[in-house]
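Everything on this sheet refers to the single structure shown next.
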2 protein chains.
Amino acid sequence: MRQKRITLKDIARETGVHVSTVSRALDPVERKSITEEVASRIQAAADALGYRPNRIAAGLRTNRTMTVGVMIPDITNVIFPPILRGIESVLEPLGYASIIVNTDSERDRESRLVDVLRDRGVDGIIHAAVLRSDPSIARAAAEGLPVVTLNRMVENSQIPYIINDEDAGICEMLRHLRDLGHRDIAHLAGPQDLSTGQLRLAAFRNAAATLSLEFRPDLVATARRFDEQEGARGIRDLLASGRTFTAVLCANDRLALGAIDELREHGIDCPREVSVTGFNDMPFLDLIRPRLTTVRILQHSAGQTAATVLLQLMNGDKAEDIPMETILPVEIVVRESTAPAGSLVRS
Amino acid sequence: MRQKRITLKDIARETGVHVSTVSRALDPVERKSITEEVASRIQAAADALGYRPNRIAAGLRTNRTMTVGVMIPDITNVIFPPILRGIESVLEPLGYASIIVNTDSERDRESRLVDVLRDRGVDGIIHAAVLRSDPSIARAAAEGLPVVTLNRMVENSQIPYIINDEDAGICEMLRHLRDLGHRDIAHLAGPQDLSTGQLRLAAFRNAAATLSLEFRPDLVATARRFDEQEGARGIRDLLASGRTFTAVLCANDRLALGAIDELREHGIDCPREVSVTGFNDMPFLDLIRPRLTTVRILQHSAGQTAATVLLQLMNGDKAEDIPMETILPVEIVVRESTAPAGSLVRS
DNA sequence: CTCATCCTCGCAATCGATTGCACGAAGGCT
DNA sequence: AGCCTTCGTGCAATCGATTGCGAGGATGAG
């Protein structure tokens with residue numbers, strides 16, 4: 001049988017005071033406005049009865065649910081769980097819970113989920129989805145709901161964002177390849193409707209300019225998804241085009257893994273003949289041979305930072321105290337998939 | 001500025017009816033008790049004003065939050081995200097949201113999180129944590145909160161559970177090894193304080209009996225964690241003991257991966273000299289060489305099933321309609337890490 | 001034409017906690 | 001000694017939606 005909950009009223013009856021007094025006695029802030037003796041008597045009764053506050057009722061009155069929404073494309077994508085743990089690590093100790101939703105990178109699903117979260121009265125939203133434009137989240141933010149985005153920014157909005165310094169990551173990686181003697185460097189770009197795909201392509205172009213390397217559009221292959229199949233297809237396209245290259249900088253680890261496999265299919269060895277680099281440094285990467293040289297992103301701290309900024313927003317901190325832009329450092333991890341450029345094996 | 005929400009009262013004022021009428025008109029069940037003309041007028045006004053029901057308020061009154069709690073050890077463990085998607089796939093279309101918490105397999109955290117979920121008034125809990133005993137969840141269930149466990153069962157309770165047919169998986173795998181001619185088969189067992197570790201060891205012993213193979217305690221190494229390091233350590237211990245074996249059945253993929261690496265360190269080739277098998281069929285496994293022969297668990301359907309049973313519980317279905325035990329089939333996936341037993345290479 | 005019945009809708013209580021306001025007592029001040 | 005302040009507590013409204021009950025009108029039967 002479902003036990004009936006202990007409410008303030010029960011404690012009030014038990015201790016012979018008014019429920020409002022009980023409420024105050026149990027609120028750490030208000031508690032000091034109550035005679036210590038009464039307060040501790042109430043506290044004792046509450047403990048004895050096993051009182052647990054009803055957050056729903058409190059939420060109705062205060063309009064705060066101590067719940068945040070977290071929107072990600074897909075929880076099964078290994079880069080997101082660490083982000084979630086990072087978020088949780090700052091929010092949970094403060095009593096917040098999070099509702100996690102998967103957008104599957106679908107526009108309509110995304111905006112529907114924003115509504116779902118708002119209906120549930122979340123106090124704020126961390127938005128790590130990657131569609132390049134979505135009015136629903138901007139609208140929510142404009143209406144006063146605290147929102148922070150992760151890995152991307154919403155143009156023309158006052159939404160704080162946290163991004164990783166992907167430009168620097170791509171640039172460092174390109175420098176690494178150049179320093180190894182590579183000149184003909186292909187880029188396996190990600191889907192251009194995802195911000196990460198687009199950003200990294202732009203970063204590649206800029207980095208080439210910075211490093212005085214020629215940017216060759218004919219050495220860019222664009223994947224339709226961030227997966228191994230598309231990585232393999234990208235390599236096939238590149239090889240079929242007859243262009244020569246000694247290195248492939250991929251927009252993501254999975255593309256890189258697919259690329260290495262496909263190169264092997266064509267009898268081309270990585271790293272001896274062609275160097276390949278990834279992006280993200282996803283888990284288990286060091287179990288796959290050759291161990292991939294990649295750009296490490298600090299997912300956990302990205303989550304922490306996003307949560308911290310969201311907290312400021314929810315606490316109503318002064319606007320000037322809230323960082324609109326946070327760029328987190330990345331680092332390149334050199335492993336076995338890159339090697340000095342040898343002689344070109346293909347014409 | 002924070003927009004003020006549209007409430008039933010606003011719609012009532014707009015349409016000139018009482019708020020209770022509006023409530024009924026908007027409730028698909030109650031709607032038929034309202035004149036169609038009035039109902040559609042209310043509906044129109046609701047749409048025009050952009051009304052969104054306040055679930056908090058409704059939850060307070062009805063004592064249903066349309067929220068479920070999901071407890072897992074750690075979201076960064078790749079086997080859990082698919083389970084969550086499975087749960088979501090049945091719950092989300094019905095309007096449920098889920099609050100996911102990570103227990104980190106710590107007893108006190110686990111029971112604290114049960115309280116957190118209850119305070120938030122979840123309508124039910126899916127408990128996929130793996131500690132072998134925890135009174136808090138049993139207490140919650142006894143007090144009437146719908147609870148379903150996944151991958152494990154709580155003894156002496158009326159809590160429905162969904163488990164994978166791990167016994168069959170282990171047995172099939174052992175049969176596979178036997179059929180390949182292996183006789184000296186080691187077992188790399190998981191942590192014995194986790195139900196999966198314990199269950200699979202027991203299953204290994206039973207399977208040996210079933211298949212008329214000798215169960216040799218001296219060929220069992222026990223890992224302290226489910227990770228590659230412990231897999232490597234297990235192999236080191238086994239090798240150090242001087243026993244001979246031609247195959248290692250591991251309680252989990254990561255142990256198997258660590259085992260293969262460690263064997264290689266010792267100059268022992270898998271699968272030519274020693275066959276190694278895993279358990280779980282985690283993602284990216286087919287990218288790692290040799291591709292691991294393992295037991296595939298249908299995580300997604302496990303999640304779906306758990307959610308479905310929980311729904312029955314929450315709907316108050318008749319007890320006899322609710323399956324107390326669900327055993328999901330598993331399948332073995334034969335890849336490259338197993339091969340016919342050759343001559344023993346070690347004495 | 002009258003009375004019973006049914007249907008539609010309004011009234012008001014309710015869920016549990018929070019909080020502005022007010023009241024009464026006690027203490028300090030002149 | 002009287003007045004004002006301060007402190008502790010109670011009162012009651014409130015958050016927004018749900019729902020049992022009952023009133024009133026419409027409808028049908030006799």
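A compact table of results
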| item | result |
| --- | --- |
| Most fluctuating residue given options A:Arg41, A:Arg291, A:Arg139, as computed from a GNM of chain A linking Cα atoms under 10 Å | A:Arg41 |
| Options B:Ser337, A:Thr35, A:Gly190, ranked by Cα towards positive dipole end of the protein assembly as shown, top entry (Cβ charges) | A:Thr35 |
| For segment A:56-132, average projected area of the Cα convex hull in nm² | 5.2 |
| Estimated inter-spin distance, A:Ser40 and B:Ser23, nm [label 7 Å along Cα→Cβ] | 4.4 |
| Label-point separation, B:Lys9 to A:Ile268 (7 Å along Cα→Cβ), nm | 6.9 |
| Calculated [θ] (222 nm, deg cm²/dmol) that DSSP helices of n ≥ 4 give over chain A, each run adding -39,500 (n - 2.57) | -13000 deg cm²/dmol |
| Simple Cβ-charge dipole of the protein assembly as shown, Lys/Arg +1 and Asp/Glu -1, about Cα centre, in debye nearest 20 | 1220 |
| All-pairs alpha carbon distance profile, segment A:1-84, 5 Å steps from 0, percent | 3, 13, 19, 17, 12, 9, 6, 8, 7, 5, 2, 0 |
| Length-normalised contact order of chain B in % [C-alpha pairs under 8 Å, at least 6 apart] | 17 |
| Cα centroid of segment A:188-233 to Cα centroid of segment A:261-321, whole Å | 16 |
| Built amide H within the under 5 Å cut-off of B:Ile99, gap 5+ | B:Val68, B:Gly69, B:Val70 |
| Extended-chain gain in nm, criterion 0.36 nm per residue less alpha-carbon gap, A:Asp237 and A:Asp218 | 5.8 nm |
| Choice from B:Ile170, B:Ile288, B:Ile125 with maximal GNM fluctuation in chain B (Cα, 10 Å cutoff) | B:Ile288 |
| Fraction in percent of alpha-carbon pairs per bin - 5 Å, segment B:162-211 | 5, 21, 31, 24, 13, 5, 1 |
| Average Cα contact separation per residue, segment A:8-53, under 8 Å, 6 or more apart, as relative contact order % | 38 |
| Sparsely packed trypsin sites (Lys or Arg not before Pro) within segment B:157-209, loop by DSSP, other Cβ within 10 Å at most 15 | B:Arg183 |
| Overall Cα dimensions of the protein assembly as shown, principal axis frame, Å, largest first | 81, 67, 57 |
| Unit charges at the beta carbon, dipole of chain B: most positive-side option, B:Asn156, B:Asn54, B:Val276 | B:Asn54 |
| Hz values of 3J(HN,Hα) by residue in segment A:202-212 - Karplus curve (6.51, -1.76, 1.60), Gly and Pro given as x | 4, 4, 4, 4, 4, 4, 4, 4, 4, 8, 6 |
| Diffusion coefficient, µm² s⁻¹, Stokes-Einstein with Kirkwood Rh over alpha-carbon pairs of segment A:73-182 at 25 °C and 0.890 mPa s | 157 |
| Label spacing, shortest first and in nm, from A:Pro93 to its equivalents in the remaining copies (7 angstrom along Cα→Cβ) | 4.2 |
| Estimated distance in nm for a label pair at A:Ala48 and A:Asp74, the labels positioned 7 Å out from Cα along Cα-to-Cβ | 5.7 |
| Listed residues A:Pro135, A:Pro283, A:Pro329, most fluctuating in chain A (Gaussian network, C-alpha, under 10 Å) | A:Pro283 |
| Rel. contact order, % - alpha carbon contacts under 8 angstrom, at least six apart, segment B:124-231 | 23 |
| Cβ-vector label at 7 Å, A:Thr210, separations to other copies in nm | 5.9 |
| Estimated translational D of segment B:176-287 in µm²/s (Stokes, Kirkwood radius over Cα pairs; 10 °C; 1.306 mPa s) | 115 |
| Of all accessible heavy-atom area on segment A:56-144, the percent that carbon and sulfur account for (1.4 Å) | 51 |
| Kirkwood hydrodynamic radius over Cα pairs of segment B:8-53, then Stokes diffusion coefficient at 4 °C and 1.567 mPa s, in µm²/s | 129 |
| Size of charge dipole - segment B:8-53 - debye, nearest 20, with Cβ of Lys, Arg +1 and Asp, Glu -1, no other charges | 100 |
| Inter-copy spacing of B:Arg236 label points, which lie 7 Å from Cα along Cα→Cβ, given in nm from shortest upward | 4.4 |
| Spatial extent of chain A: Rg and Dmax, with the Cα atoms as the point set, Å | 26.2, 92 |
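The values are calculated or read from the model by the stated rules, or taken from the named source; none is laboratory data. As the structure is a computational prediction, the values presented were derived from the model and not from experiment. So basically every Cβ, Gly included, is an ideal-geometry build from the backbone, and we count neighbours across all protein chains shown. Just the protein is used for accessible areas: all its heavy atoms, side chains included, with ligands, DNA and RNA removed. Shrake-Rupley method; radii C 1.70, N 1.55, O 1.52, S 1.80 Å.
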